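The values are calculated or read from the model by the stated rules, or taken from the named source; none is laboratory data. What you are looking at is a predicted structure, and each value in this text was computed from that prediction instead of being measured. What goes into the accessible areas is simple: the full protein's heavy atoms, side chains included, and nothing from ligands, DNA or RNA. Shrake-Rupley method; radii C 1.70, N 1.55, O 1.52, S 1.80 Å.
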Amino acid sequence: MPVDPPSDTDSDAPDCIVCYGPFTEGEECRRLRCGHVFHKRCVDTWLLGHQNKCPLCAGIVGPTIEGAED
């Protein structure tokens with residue numbers, strides 16, 4: 001389900017922290033479990049290469065493999 005881009009009051013960062021680009025109306029965004037919002041295309045690429053960790057707070061945001069090291 002698409003997430004609306006954050007408004008200036010929703011986030012300390014009005015831009016996507018992955019690509020540093022601004023959020024625009026109608027753009028596909030993704031809100032992670034930790035509450036941070038990113039462009040969908042940016043955060044999906046990030047998560048695939050960075051072990052399911054939020055690019056902002058490094059919190060685990062997806063399934064983990066039990067016994068795997070960080």
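Which one is nearest to the chain's Cα centre (by Cα), of the residues in segment 15-65 that are polar (S, T, N, Q) and open to solvent by 50 Å² or more (accessible area, probe 1.4 Å)? Among those residues, the one meeting the criterion is Thr45.
The number of residues in segment 37-70 that are small (Gly, Ala, Ser) and at pLDDT 80 or above comes to 3.
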